[in-house]
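Input: a single structure, listed below in structure tokens.
FYI, it's all coordinate maths here, none of it is from the lab. None of the values given here were measured: they were computed from a predicted structure. Cβ placement follows ideal geometry from the backbone for every residue including glycine, while neighbour counts extend to all protein chains displayed.
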Amino acid sequence: MASKKMASKALPATRHVVSINDLSDKDIETIFDTAQAYLKQLPDKHFSYRIGRSTDVGSNHILASLFYEPSTRTRLSFESAMIRLGGQIITSADPATSSAAKGESLADTVRVIANYADIIVIRHPRDGAARLAAEYSPIPVINGGDGSHEHPTQTLCDLFTLKQKNKRLKNLKVAISGDLRGSRTIHSFVYALARFGATIMPMPAKGMELPAHVDQRLREEFRCHMVSVPKGEGDNTSIDALYVTPEEPHQQTLFSGPEIDRDAGHDLEMLDKKVDALYVTRFQKERWAEKDQAYPRIDRKFLNEPKYSDASVMHPLPRVGELDVAFDSDKRAVYFEQAAYGVPIRMALISLLLGLKGKSLHRFAGGFEQDEQHLYVQPRHIGLHCSNSNCIVHDPMEVQYVRNKFHVVGSGEKTRLRCVYCEREIEHFVVASKKNKWYAADIPPLRRSTDHGLKDIILFANETDARAAGFHSRRAAADPPAARRAGGRAK
Ligand code: NCD
């Protein structure tokens with residue numbers, strides 16, 4: 001019967017790529033093998049890094065590109081990739097001409113587009129927007145950049161470039177320069193570098209250091225440690241600190257390469273080692289109130305320093321003056337090749353997420369193995385909110401569709417709340433018991449609570465908010481005679 005035919009079947013599990021950490025090391029290796037196979041099977045006559053022909057492995061499939069922010073490389077290379085696979089594309093690239101201009105939420109838009117396409121790539125100015133889209137989407141969602149949060153497919157292009165140039169990914173020394181706070185490419189990139197045991201040299205523009213939550217995560221989750229480097233006299237390129245990562249990789253590293261024995265002398269050895277790559281970024285002026293900033297400019301003179309003699313110079317592009325065009329003819333300049341890899345890498349990712357069948361395709365399973373994370377979902381009209389004002393949870397168009405949700409990470413004194421969407425962290429908060437109506441500023445062991453236990457609590461930003469919501473201090477409740485006799489309320 002017609003109605004029976006229309007009934008939906010159970011949907012297979014859908015994989016989304018919102019963060020680089022949604023991909024395991026093995027997944028990344030599979031993507032690279034597939035991209036490599038496409039480069040070999042569909043070569044360009046003149047350039048080894050370009051795809052020159054098309055296949056039909058993706059025929060009957062449609063990619064929707066949903067872009068709420070400007071893009072050249074990401075959107076066009078995704079679209080080129082889908083066309084090279086033999087698929088089709090539909091595009092919404094201008095929020096002013098889409099239903100967003102009428103006030104439609106992302107949650108609704110995604111559920112509609114899922115009926116028109118097989119896979120979605122989204123770019124959005126709000127941190128965490130791609131995770132929200134993924135929550136509402138029955139088809140794979142790929143994050144093409146969300147605010148200053150992450151840009152995982154750019155990182156895949158970056159890592160692939162590093163692998164092509166260095167023949168390995170393990171134990172590289174990579175300097176990162178510019179707006180480390182505002183650049184989403186940097187945030188995905190440093191997590192990936194840390195996972196592959198790189199030594200990271202941050203060279204931020206003034207006031208544009210890595211955000212605190214990224215720094216903390218590098219140290220605590222990716223087991224990086226900091227080594228301070230004294231500034232040399234008259235040395236305009238020296239840095240304050242290096243991240244050295246991790247002494248024992250917490251995950252099996254699948255890329256082969258020379259092993260470095262990480263003994264006590266390792267840090268010193270890394271300090272002396274030449275830089276394998278310098279990654280330059282532009283000032284993300286759209287993410288800063290202050291538009292005129294002093295900003296480092298990388299040119300031949302800068303790159304004449306001996307430590308950069310073998311360094312690949314990378315840039316996610318666009319560049320707007322921070323990387324001298326006179327350097328383009330230098331053999332260390334790899335940024336246009338890096339941009340070219342956008343096509344084979346995105347062909348590989350689309351193929352694997354869609355489960356396309358082709359000679360070169362591998363099975364795509366796994367996911368980054370993370371410690372078990374406990375999820376806390378905030379009741380709607382009470383308690384704390386994500387502290388990042390640019391997080392998607394604060395978007396007036398989305399508030400009806402999204403709840404403040406946090407992973408409880410760290411342990412003991414260092415227990416923190418990590419927003420599920422933008423991954424910013426809250427360190428100070430107050431825990432209250434719904435049942436007993438008390439709150440405690442000295443945080444009980446949330447991490448050991450079960451998810452069920454988390455359902456019995458409400459989190460507040462501070463004691464004042466907890467009291468305003470009618471909760472009283474557990475300390476006072478535990479010290480009853482005096483408090484009760486006085487009929488006093490808890491402080
Ligand atoms: C980057 C982005 O949009 O985050 N561009 C890109 O996708 N290659 C970098 C940038 O805009 O600076």
> Do any GluC sites (Glu not before Pro) in the range 370-417 lie in a DSSP loop with no more than 15 other beta carbon atoms within 10 Å, and if so, which?
Replying inline: GLU372
> Which lysines have a Cα less than 17 Å from the Cα of LYS285, not counting those fewer than 8 places away in the same chain?
Replying inline: LYS206
> Between ARG475 and SER228, what is the FRET efficiency for a Förster distance of 30 Å, r being their Cβ-Cβ separation, to the nearest 0.05?
Replying inline: 0.15
> Label HIS381 and THR97 with points 7 Å out from Cα along Cα→Cβ: what is the distance between them in nm?
Replying inline: 4.2
